[in-house]
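Report on the structure given below.
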Amino acid sequence: MNYRDHKTRQLDSVLSEELRKSCDPYEAYRDLPEDELFQPAQFDSSAAERRGYSNYSYWGATLQAFFKNRIAVFFLAVIVVTLVFTYIQPLLPDQKDPKTIYNDASGIQIINRSPDSEFWFGTNSIGQDLWARTWAGTRTSLGIGFAVACFEALVGTLVGVLWGYVRKLDAFFTELYNIFDNVPQTLVLILISYIMNPGVGTIIFALCLTGWLDMARFIRNQIVIIRDRDYNLASRCLGTSTARIVTKNLLPYLVSVITLRMALAIPSAIGNEVFVTYIGIGLPTDIPSLGNLVQAGRLVMSQPSLRYQLLFPTAVLAVITISLYIVGNSFADAADPRNHV
Amino acid sequence: MAKYIVKRVLHSMITLCIVIFIVLALLRQMPIEGYFSNFDKVSKAQIAVTLKKLGLQDPLFVQVGHYMLQLLHGNFGRSIKYREGYSIAKIIAQKAPISIEIGLISVGLALLVGLPLGIAMANSVKTKWKFWDRFGTVLIVIVEAVPSAVYHLLIQLYGSELFGVSMLFSRDDITTWLLPIFSLSLGNIVYYAMWLRRFMVDESNKDYIRLARAKGVPSKQISRSHVFRNAIVPLVQYIPNSILFTLMGSLYVESLYSIPGMGGLLVQAIKIQDNTLVEALVVLYSIISVAGLLLGDLLMAVFDPRISFTGKEGSRR
Amino acid sequence: MAEKREVLVSIKDLCFDFTLRGQTLHALRGISLDILKGESLAIVGESGSGKSVFVANLMGLNASNGRITGGSILYGDKDLAKITDETEWNSIRGSRIAMVMQDPMTSLNPLKTIGWQICEALALHQDLHGEAAKQEACRILTEVGISEPERRYKQFPHEFSGGMRQRVVIAIAVACKPEILICDEPTTALDVTIQAQILGILKKMQKTYGLTVVYITHDLGVVANVADRVAVMYAGDIVEVGTSNEIFYDPKHPYTWALLSSLPQLGIKGKPLYSIQGTPPDLFQEIHGDAFAARNPHPLKIDFVKRPPMFKVSDTHFARTWLLDPRAPRMEPPEHIRVMIDKGRALGLTGTGAETAEKGAAQ
């Protein structure tokens, strides 16, 4: 806290103390002589109202609960730092290109070089810089994750709201869900990747295809529960439009769920990408991605001296997924009004 | 109760038909190379003849109808590349036992470890140090957050080094069973523990638990005969599905350890582009999935008297 | 109510705090109350006045973020305020003090037959098992007015209506043969026609088993129906306690006046119904003086400064208000209350009128 903040806070507390004094009759009457004390006092109707429990605000309590969780704050910092670094890394000085194959002075490719001062994470089996490739791969994988998460949140929420709010659509969507819920996500992912050409678009498409339905289902259940609560019935009776009820009364309640799903969609997208790459229907090998890096590392992992090629990408991946998982869950916990005690 | 079962089974049958239809409709979009063992060498005329013979140029409904009829006779068609002309049903019959053996052991392990862990976590929520809750949470976070494709790999790598066992599976060497079984059960352990804990914590905040405490029931007995008993109900719905899927073998673990099971088979079929084999396996997985959800709902009806009474479908999730 | 009754539970200066969002909430601020053997005592007050917290202390059922910070609850040779051990509580819960909770729809385990749930209590406290337990359970079910107990015994809670479930909850409570039965708003969640039945059953059970019953309620209709004695709670404190005739026909505390005035039955035709202004005080803050002062339409200055002591009005009637102090000016109760006082005197229900009240602090 800097000096100005400190001053502001001091002033604030002095002022509010003054204010409280002028309001509370205790301060005004405490020093009166005994006979005076038994005189009738003035009834102040505003004072009667003022003493309620009003120091609660939803977002205030949510943020307070979140920031009280030191582990979550730590991982939030980790995410922020990693994200920022991932995207500014190519702009830093002395960075190598992720796709260039490096040769030594005699023109031979520098393959499987252990980490040193020039190649911080070493080089891979064809002489590319693993440090640059790791961060480029992280960018690709995070991009896929973000795209899927946004799509899921957007379409899932939209369909979920329609499904839950428009009674006529309920039966239709429920049947649809019952059918698609029977098809394992992994199978859809495999099928789509198998049928379509490998590429970033295919993976995003395949992941989007399955995720939103679960999200919509979740939102729908919540909406059905909240929709007919008394305050919404009252609001409808007063003539509030449906759009306004949805955006003002329903969606704020769902923010925690939506954030949680978004935060978890990213690690799961990264995991799925690693998986399809392993099966051989993932991204083409010339696009650096965490899946490709892990796969390349797997091929050489039986040699202990080359194990770094697996461990560096794995470590970055684990840091990102674990942080997102923890932050997402902690935020959802903090945003749950039941935990605001 | 009987009425509910009949209704639920019929519902599953219809769902299954639709699912198979969708799966086939998608699968028939696969590149046609996958229907030939030697695509580069055959002429265009031969291709057309073969496609016609396989019924691939009929309207989709006809194709699906044919396929369903075949399925009813337990016939999955014939493999194209994996073992040319060999009956797929026979291939699966050869591969299934090993997957089921390993699956059964790992599910047993998961239930034996996961459920007690969940109970220990829920019971320690209200204690001072929350040891089990913290321990379990760390485990859950790691297993849930890190993609399974990565931790399976690390278990294989470091497990084989630490215990000095082979990275590859061999039927006769019992030590090579340990790592894949552990790997397979880890996901289920965490899954059971996580949900059991959550359901138990939810239940323990309900009014009837307060009444049970007011009755003077000792807390151990409350935990056992009220909290656990009621928390297991929503979990029971998912257990058949997770068991069936483990029995079907994990795509990833089986191929990592070269276990000659069904999961590895699908990965292999995809890699060599054997369309009929992929089709058969995907349809089989869909059937298993539908059957798992059906079993889950029926099991839940057995455990929860309210369901058979109201005749409503059990709520999912 | 003239006969002297044995004191069963004696609560002295009980203080109870909750910790919420890092702040301390003073839920009970020095409550003293005696529960007499065989009586039915009603504790009334608005929501959040601490009624439920108070009785939960008698059974050690408060949430873990709350703790007793002072005072004692003497019951027999035990001080309930000092018990921390779960097993010690379990020798009291159910067998000596039992409870009927507010919402019968959620207070039974949905997955166990009601027979099982009654037998669980019987096995714990009466050591009855198997057929003997079943016989006893069916007997109690008949007693609480459930027909065909043999068939009902095997049914699950969802096969019962709300009123029937509350009967089952009562059956569970009396199955343990307790000395004290606490009814935490037993009729709030039920519709009016069922309410009277449930109260009837509770009264019958009290007679049959010689129970001491403590009712928690905000419904003065229930109080008038069942209670021998009434304690009025406000902001974590008991502001007035007396026999129900004393509370209804000769109330002393401005809060009791306000509470009674807001009863629709006491309304005067053509005049708007009285309602208490403002909101209850913030229990996170320290309360100086009389907690009700800010909402009292005619407060004294001292009400804001010093907490009033319990003034004795009669042997059974006490009130915590400065109006009973000899130095205080005479304050007329509001119109509705004056009507009640006149009525009470005409009926001879109250021995002492306001003017003849013996003034002086009872410590």
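The values are calculated or read from the model by the stated rules, or taken from the named source; none is laboratory data. Here the structure is a predicted model, which is why all the values come from computation and not from measurement. Reconstructed Cβ throughout: ideal geometry from the backbone, glycine too, with neighbour counts over all protein chains shown.
Summary table below
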{"read-out": "Residues of segment B:207-245 satisfying the condition of being facing chain C (nearest Cβ under 10 Å), without any contact (Cβ under 8 Å) to a residue 12 or more places away in the chain and not hydroxyl-bearing (Ser, Thr, Tyr)", "value": "B:Asp207, B:Arg210, B:Leu211, B:Arg213, B:Ala214, B:Lys215, B:Gly216, B:Val217, B:Pro218, B:Lys220, B:Gln221, B:Arg229"}
{"read-out": "Yes/no for B:Met248 being aliphatic (A, V, I, L, M) and over 15 Å from the mean Cα position of the chain (by Cα)", "value": "no"}
{"read-out": "So B:Glu144, is it of a type in the set (Asp, Glu), within 13 Å of another protein chain (Cβ to nearest Cβ) and more than 30 Å from C:Asn57 (Cα to Cα)", "value": "yes"}
{"read-out": "Pairs with Cβ under 9 Å, 6+ apart, first in segment C:260-284 and over 30 Å from C:Thr19 (Cβ atoms), second surrounded by fewer than 19 Cβ atoms within 10 Å (Cβ to Cβ) and of a type in the set (D, E, K, R)", "value": "C:Ser261/C:Glu335; C:Ile268/C:Glu335; C:Lys271/C:Glu335; C:Gln277/A:Glu49"}
{"read-out": "Among residues of segment A:43-62, those that are in a loop (DSSP other than H, G, I, E, B) and either modelled with pLDDT under 65 or more than 8 Å from every other protein chain (Cβ to nearest Cβ) (or both), counted", "value": "7"}
{"read-out": "Total residues in segment A:143-169, condition of a type in the set (A, V, I, L, M) and buried (at least 17 other Cβ atoms within 10 Å of the Cβ)", "value": "8"}
{"read-out": "Residues that are facing another protein chain (nearest Cβ under 10 Å) and closer than 16 Å to C:His253 by Cα, drawn from segment C:302-324", "value": "C:Ile302, C:Asp303, C:Phe304, C:Lys306, C:Trp322, C:Leu323"}
{"read-out": "Residue check for B:Gly65: closer than 24 Å to A:Asn178 by Cα and of a type in the set (Gly, Ala, Ser)", "value": "yes"}
{"read-out": "1 or more residues more than 11 Å from every other protein chain (Cβ to nearest Cβ): qualifying helices (runs of 4 or more DSSP H) within segment A:173-238", "value": "A:200-227, A:230-237"}
{"read-out": "Residues located in segment A:210-225, provided they are more than 20 Å from the chain's Cα centre (by Cα) and buried (at least 16 other Cβ atoms within 10 Å of the Cβ)", "value": "A:Arg220, A:Asn221, A:Ile223"}
{"read-out": "Residues (over 23 Å from C:Val213 (Cβ atoms) and either part of a strand (DSSP E or B) or of a type in the set (Lys, Arg) (or both)) located in segment C:80-97", "value": "C:Lys82"}
{"read-out": "Looking only at segment B:72-86, and only at residues there that are without any contact (Cβ under 8 Å) to a residue 40 or more places away in the chain and in contact with a helix residue (DSSP H, G or I) (Cβ under 9 Å, 6 or more places away or on another chain), the one that is nearest to B:Lys53 (Cα to Cα)", "value": "B:Asn75"}
{"read-out": "Of residues in segment B:148-166 being of a type in the set (A, V, I, L, M) and within 28 Å of B:Leu244 (Cβ to Cβ), the one nearest to the chain's Cα centre (by Cα)", "value": "B:Ala149"}
{"read-out": "Single unsatisfied condition, A:Thr277 versus (1) within 29 Å of A:Phe74 (Cα to Cα); (2) buried (at least 23 other Cβ atoms within 10 Å of the Cβ)", "value": "(1)"}
{"read-out": "Per-region count, segment A:103-128, residues surrounded by 17 or more Cβ atoms within 10 Å (Cβ to Cβ), in contact with a Phe, Trp or Tyr (Cβ under 8 Å, 6 or more places away or on another chain) and in contact (Cβ under 8 Å) with a residue 24 or more places away in the chain", "value": "4"}
{"read-out": "In segment A:291-341, the residues that are under 21 Å from A:Ala136 (Cβ atoms) and among the small types (Gly, Ala, Ser)", "value": "A:Gly291, A:Ala296, A:Gly297, A:Ala315, A:Ala318, A:Ser323"}
{"read-out": "Unmet requirement for B:Ser37, which otherwise passes all of (1) of a type outside the set (A, V, I, L, M, F, W, C); (2) part of a helix (DSSP H, G or I); (3) away from chain A (no Cβ under 14 Å)", "value": "(2)"}
{"read-out": "Evaluation of B:Gly159 against (1) of a type in the set (Gly, Ala, Ser); (2) surrounded by 20 or more Cβ atoms within 10 Å (Cβ to Cβ); (3) under 30 Å from A:Val276 (Cβ atoms) (one fails), failing number", "value": "(2)"}
{"read-out": "Among the residues listed as B:Glu101, B:Glu84, the single one being surrounded by fewer than 14 Cβ atoms within 10 Å (Cβ to Cβ) and not hydrophobic (A, V, I, L, M, F, W, C)", "value": "B:Glu84"}
{"read-out": "Unmet requirement for B:Tyr252, which otherwise passes all of (1) in a helix (DSSP H, G or I); (2) in contact with an Asp or Glu (Cβ under 9 Å, 6 or more places away or on another chain)", "value": "(2)"}
{"read-out": "Check on C:Leu58, crowded, with 20+ Cβ neighbours inside 10 Å, within 14 Å of chain B (Cβ to nearest Cβ) and assigned to a loop (DSSP other than H, G, I, E, B)", "value": "no"}
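Residue by residue, here is whether (1) part of a helix (DSSP H, G or I); (2) at the interface with chain B (Cβ under 9 Å from one of its Cβ atoms) holds:
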{"residue": "A:Gly291", "(1), (2)": "yes, yes"}
{"residue": "A:Val294", "(1), (2)": "yes, yes"}
{"residue": "A:Met301", "(1), (2)": "no, yes"}
{"residue": "A:Leu310", "(1), (2)": "yes, yes"}
{"residue": "A:Val319", "(1), (2)": "yes, no"}
{"residue": "A:Tyr325", "(1), (2)": "yes, yes"}
{"residue": "A:Asn329", "(1), (2)": "yes, yes"}
{"residue": "A:Asp333", "(1), (2)": "yes, no"}
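Residue by residue, here is whether (1) within 9 Å of chain A (Cβ to nearest Cβ); (2) surrounded by 20 or more Cβ atoms within 10 Å (Cβ to Cβ); (3) not in a loop (DSSP other than H, G, I, E, B) holds:
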position: C:Trp257; (1), (2), (3): no, yes, yes
position: C:Gln265; (1), (2), (3): no, no, yes
position: C:Ile268; (1), (2), (3): no, no, no
position: C:Leu273; (1), (2), (3): no, no, no
position: C:Gln277; (1), (2), (3): yes, no, no
position: C:Pro281; (1), (2), (3): yes, yes, no
position: C:Asp290; (1), (2), (3): no, yes, no
position: C:Arg327; (1), (2), (3): yes, no, no
position: C:Arg330; (1), (2), (3): no, no, no
